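The values are calculated or read from the model by the stated rules, or taken from the named source; none is laboratory data. Keep in mind it's a predicted model, so treat the numbers as computed, not measured. All Cβ positions, glycine included, derive from the backbone under ideal geometry; neighbour counts span all protein chains shown. Heavy atoms of the whole protein, side chains included, go into the accessibility calculation; ligands, DNA and RNA do not. Shrake-Rupley method; radii C 1.70, N 1.55, O 1.52, S 1.80 Å.
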Amino acid sequence: MMKKTAQYLFLFALGGAAYYTLELIFRGFSHPTMFLLGGLCFLICCGIHALIGENTGLAAQMLLCAIAITTMELLFGYILNLKLGMNIWSYVDYRLNFKGQICLRFSMIWYLLGGAAIVVNDWVCRRLYGRKYPPYSIMGNREQRVKNG
């Protein structure tokens, strides 16, 4: 149990640090809560891949990651920006935004970031923890599709 907890804490910290760093690079600043959001989103993407990765294509996994990240962003934005008035980010200047907290443009970025999270997670878990993951497939396991189709 402690070993699993340590693995999840490490992956959380890796995701949080990666997202915080990306914000520093692209925005020039970040907020400590973005470390928390990034860590949680990374763990969620890792969980999506662990649960359905063997029989589900990478494209579909990335879509689920984008939906999950967008949902988390809306939740954090609602609490931090709208309720607590922290004004950490605002997408009001972007088309197709919802209350300035989420927008289609960034959901597409989260799609790509979800794919990166899956690949990084696989690499880290293979190197540090000896876990094996199936080879990637863009559209899913061909044999599984033939059985189901």
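List of remarks:
- Sole exception among (1) in a helix (DSSP H, G or I); (2) more than 19 Å from the chain's Cα centre (by Cα); (3) modelled with pLDDT of 95 or more; (4) loosely packed, with under 14 Cβ neighbours inside 10 Å for residue 29, by number: (1)
- All of 79, 69 fail the test of being over 29 Å from residue 135 (Cβ atoms) and β-branched (Val, Ile, Thr), apart from 79.
- Any hit, the range 3-18, residues being open to solvent by less than 30 Å² (accessible area, probe 1.4 Å), farther than 17 Å from residue 112 by Cα and not in a helix (DSSP H, G or I): no
- Test result for residue 124, within 25 Å of residue 8 (Cα to Cα) and among the β-branched types (Val, Ile, Thr): yes
- For the range 85-131, the tally of residues that are touching a Ser or Thr at 6+ places or on another chain (Cβ under 8 Å) and of a type in the set (Phe, Trp, Tyr) stands at 2.
- Tallying residues that are β-branched (Val, Ile, Thr) and in contact with a Leu (Cβ under 6 Å, 6 or more places away or on another chain) within the range 70-122 yields 2.
- Among the residues of the range 80-97, those that are exposed (fewer than 13 other Cβ atoms within 10 Å of the Cβ) and of a type in the set (A, V, I, L, M, F, W, C) comprise 84, 92, 96.
- Residue in the range 39-52 that is open to solvent by 40 Å² or more (accessible area, probe 1.4 Å) and not in a helix (DSSP H, G or I) present: no
- The set of residues in the range 98-134 that are within 21 Å of residue 7 (Cβ to Cβ), free of Cβ contacts under 8 Å to residues at least 60 places away in the same chain and open to solvent by 90 Å² or more (accessible area, probe 1.4 Å) comprises 123, 126, 127, 132.
- Tally, over the range 68-90, of residues that are among the aliphatic types (A, V, I, L, M) and not in a helix (DSSP H, G or I): 3
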